[in-house]
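Q: Pasting a structure below so you can have a look.
Every number in this text was worked out from the coordinates using simple rules, so none of it is lab data. If you're wondering where the values come from, they're calculated on a predicted model, not measured in any experiment. Every residue, glycine as well, gets a Cβ built from its backbone with ideal geometry; the counts of neighbours run over all protein chains shown.
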Amino acid sequence: MSERFDVVVAGAGTAGAYVSYLLAKAGFKVALLESKSGNDIGVKTCGDGLGQHHVERLSRHLTPNPKVFQNKIEGVELISPDERTRLIIKGEGYVLDRFMWGKWLVEEAVNAGATLYEGHTATAPLLENGAVVGVKAVERRSGTAKEFRAKVAIDASGSAAVLRTKLIGWPISEPLHPEDVSHAYREIVYVEEPLENPQYIRIYLDMVVAPGGYWWIFPRSSTLLNVGLGIWGVLKQNPRTNYEKYILPRLKIRSKYHIGGGFIPTRRPLKTLVGNGIVALGDAAAAVNPIHGGGIGQALLTAELSSKVIAKAFERGDFSENVLWEYNLLYMKEWGYRQAQLDVLRLMLQTLDNDDLNFGLSRKILTEDEIYHLAAKGTNISLIDKFRVMMQFIGRPALLRKLSTSIQYAKEIGDLYLAYPTDRSNLERWHAQVVAKYNEYREKIGLGPLPTA
Ligand SMILES: Cc1cc2nc3c(=O)[nH]c(=O)nc-3n(C[C@H](O)[C@H](O)[C@H](O)COP(=O)(O)OP(=O)(O)OC[C@H]3O[C@@H](n4cnc5c(N)ncnc54)[C@H](O)[C@@H]3O)c2cc1C
C-alpha cells in the first residue's frame, strides 16, 4: 500500500511534532509516523529541563500550553565533586511535564492538519534515482508493510536516526561513535523530604559517579524530582549501575513515577543534515548541546529552520540536496558553530579528574556568567577574561595549558563551522580541514585522533 504526501516525518517527538505543526500550518500535506501508540505518545525519558530562551523562540510560532511547564527555574546550582563549592548560575527556564509537552505538540500538529500514523515504525527511506522519495514503514499491530511517498522525508526519529543512517555512502549517514554519545539513566521519584530551593536545578560534577558527564536533580516540585546521570559512551559503563550505587542511597524515595534510560548524541554537528529529498532534525541530526546534553531546544530550532527551507523547496519545485543545503547554512550559522565550540570544551572536560574539577570550581576559573553563556549559548569565547583565568591557575600550569588550548581551538573550530561551505561541492574539502584541526587539538589534550565509527 502506498500513500502520497508533501512531507513524511519519521518520529513524533519534539522535533517531528513541531516540524509537522509548522509545515501543516503552512498548508502542506504532512504524514507524521510514530512507533508508539495510544497513551505512550509523548512519553520520553529525559531530564525535562528547558531554557527560557527556547520557549520564547517557540512562542513566536506557537503559544505554549501553560500546563506543560511544571516548575519555573531561576538557575543552576553547579556542585563540585567534593561538594564544597556550589556555584549559582542564574538563568531562567522550566522543568517540563514532559509527557504533557510531548502530547501537546503532537495535538498541535494534528490540529494544524498533519495526519498522525501512530503505531507506525519507519524502517527505511524509499529511494528512487538517487533521491529519497518517501519512507517505508510497518504498521505494528497488523505487521502490514506500507510506503509513504513524499517530496521530502524528515528523519526526526531521535538518536536512532533510522532514516539517515540507512543511506550508506551518503554524507548524511555519518554514524555516531561511542565517543560521541552519552549513556543516560534517570528516575522521576517522589521523595519523603522536600528539597530546599526547588527553583534551582542541580548539576553535580563527579567523575566517579558520572565519568565524562554529570549527575543531576531537576525538581518538578520540592517533592517530585527528576534524578539521573549521563556517562561518556566510550567508557561503556551502565549508568543505572552507578545510579543505584551512588545516587539512590542519597534519596529517601516514597514512590517512583517513571524510570528509563537512553543515549544522547553529544558531539560536533554532523557534516551535513541534508541529502536529496531528506533532512534530519533534533537528536537524529545530533543537534544536542554537547556540554550538558540538552536537546529539546535544538529539536525545536532544527524543526523551525528546516521548515523554512522545505517551504522554499516547494516554491521552487526542487527537493534536491543543493536546494535543501540552505538548512545546513542556517543551522551552522545559528547553532552549529557554537555546538562545535562546546564540543571542543566537552572533550577537554572529559579528560579532567575530580581533583581538577574541585580546583577549577573552587577558584572560580570561569565566573557564573561565563559558565551560563558557555553552557546555554556557546559564548563568544574570546570574551573570557584570560588574564584573570591565568592568575587563578598559578601552581597548576598543566591545567592552565589545557584550558587555554581548548579556548583557542574552540574559537578556531567554531570559525571553521562559520565558514561552512555554501556549495555542496566543497563539503569534503571543508570537512578534511575540520578533521585536521580536531586531530591537532586532540593530540594537544592527550586524546588520539578522531575515531572513525
Ligand atoms: C536521560 C536523558 C535526559 C535528558 N535531559 C534533557 C534535559 O533535561 N533537557 C533537554 O533539553 N534535553 C534533554 N535530553 C535530550 C532530549 O531529550 C532530546 O534531545 C530531545 O528529546 C530530542 O528530541 P527529538 O524529537 O529529536 O527526539 P525524541 O524525543 O527522541 O523523539 C523521537 C521520536 O521518534 C520515535 N521513533 C523512533 N524510531 C522510530 C521509527 N523507526 N519510526 C517511527 N517513530 C520512531 C520515538 O518513539 C520518539 O517519539 C535528555 C535525554 C535523555 C536520554
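Q: If you put +1 on each Lys and Arg Cβ and -1 on each Asp and Glu Cβ, how big is the dipole of the chain around its Cα centre, in Debye rounded to 20? Could you put the intermediate results ahead of the total?
A: On the way: 55 positive and 49 negative charges, 24 e Å.
Dipole about the Cα centre, nearest 20: 120 debye.
Q: Rank the residues Ser2, Ser35, Ser80 as a footprinting-exposure proxy: fewest other Cβ atoms within 10 Å of their Cβ go first. Can you show the working numbers first?
A: Numbers: Ser2 10, Ser35 22, Ser80 19.
The order, fewest Cβ neighbours first, is Ser2, Ser80, Ser35.
Q: Also, I was wondering about something else. Could you check the spin-label model distance between Ala398 and Asn39? Points 7 Å from the Cα along Cα→Cβ, value in nm.
A: 5.5 nm
Q: Return the distance in nm (one decimal) between the two label points of a simple spin-label model at Thr452 and Ala124, each offset 7 Å from Cα along Cα→Cβ.
A: That separation, rounded to one decimal, is 2.5 nm.
Q: Let me ask another. For the pair Ser142 and Ala311, how long in nm is the line joining their label points, each one 7 Å along Cα→Cβ?
A: Calculated label separation equals 3.6 nm.
Q: In addition: For the chain, what does the relative contact order come out to in percent, with C-alpha contacts under 8 Å and a separation of six or more?
A: Values: 988 pairs, mean separation 74.1, N = 453.
Here the relative contact order equals 16 percent.
Q: Loop only per DSSP, at most 12 neighbouring Cβ atoms within 10 Å: give me the trypsin sites (Lys or Arg not before Pro) in the range 120-165, ordered by residue number. Don't skip to the end; give the middle numbers.
A: On the way: sites: Lys136, Arg140, Arg141, Lys146, Arg149, Lys151, Arg164; in loops: Arg140, Arg141.
Filter output for the range 120-165: Arg141.
Q: Could you size up the charge dipole of the range 177-221 around its Cα centre, putting +1 on the beta carbon of Lys and Arg and -1 on that of Asp and Glu, and report it in debye to the nearest 20?
A: On the way: 3 positive and 7 negative charges, 26 e Å.
That gives the range 177-221 a dipole magnitude of about 120 debye.
Q: Percent of Cα-Cα pairs more than 26 Å apart in the range 201-329, please. Walk me through the numbers before you get to the answer.
A: Values: 3265 of 8256 pairs.
In whole percent, the long-distance tail amounts to 40.
Q: What are the trypsin sites (Lys or Arg not before Pro) within the range 25-74 that DSSP puts in a loop, where the Cβ has at most 14 other Cβ atoms within 10 Å?
A: Working: sites: Lys25, Lys29, Lys36, Lys44, Arg57, Arg60, Lys67, Lys72; in loops: Lys29, Lys36, Lys44, Arg60.
Here the sparse-neighbourhood loop sites are Arg60.
Q: Now a separate question. Take the range 128-218, compute every pairwise Cα distance, and split them into 5 Å bins from 0; I just need the percent in each bin.
A: Calculated P(r), rounded to whole percents: 2, 9, 12, 15, 11, 10, 10, 9, 10, 7, 2, 1, 0.
Q: What's the long-distance tail for the range 95-146, i.e. % of Cα pairs beyond 17 Å?
A: On the way: 755 of 1326 pairs.
Considering the range 95-146, 57 percent of its Cα-Cα pairs are separated by more than 17 Å.
Q: Could you compute how fast the chain diffuses translationally, taking Rh as the Kirkwood radius over C-alpha pairs and applying Stokes-Einstein at 10 °C with viscosity 1.306 mPa s? Give it in µm² per second. Present the calculation step by step, with values, prior to reporting the outcome.
A: Values: Rh = 22.5 Å.
For these conditions, the coefficient is 71 µm²/s.
Q: Starting from the Cα-Cα distance between Lys245 and Arg149, subtract it from 0.36 nm times their residue separation and give me the gain in nm to one decimal. List each step's numbers first, then the result.
A: Working: separation 96, 0.36 × 96 = 34.56 nm, distance 4.90 nm.
Between Lys245 and Arg149, full extension yields an extra 29.7 nm.
Q: Still on this structure, please answer the following. Do you know the relative contact order of the range 205-301, to the nearest whole percent, from alpha carbon pairs under 8 angstrom that are 6+ apart? Numbers along the way, then the final one.
A: On the way: 110 pairs, mean separation 16.0, N = 97.
For the range 205-301, the relative contact order is 17 percent.
Q: Once you mark the GluC sites (Glu not before Pro) that are in a DSSP loop and have at most 13 other Cβ atoms within 10 Å, what is the longest gap between them in the chain?
A: Details: sites that count: Glu83, Glu192, Glu196.
Maximal segment without exposed cleavage sites: 197-453.
Q: Then there is this: For each pair in Lys151/Lys437; Lys333/Lys402; Lys90/Lys411, compute the distance between the two Cα atoms and list the pairs where it is over 30 Å.
A: On the way: Lys151/Lys437 37 Å; Lys333/Lys402 27 Å; Lys90/Lys411 25 Å.
Listed pairs above 30 Å: Lys151/Lys437.
Q: Post the alpha-carbon centroid distance, the range 390-450 to the range 112-181, in whole angstrom.
A: 33 Å
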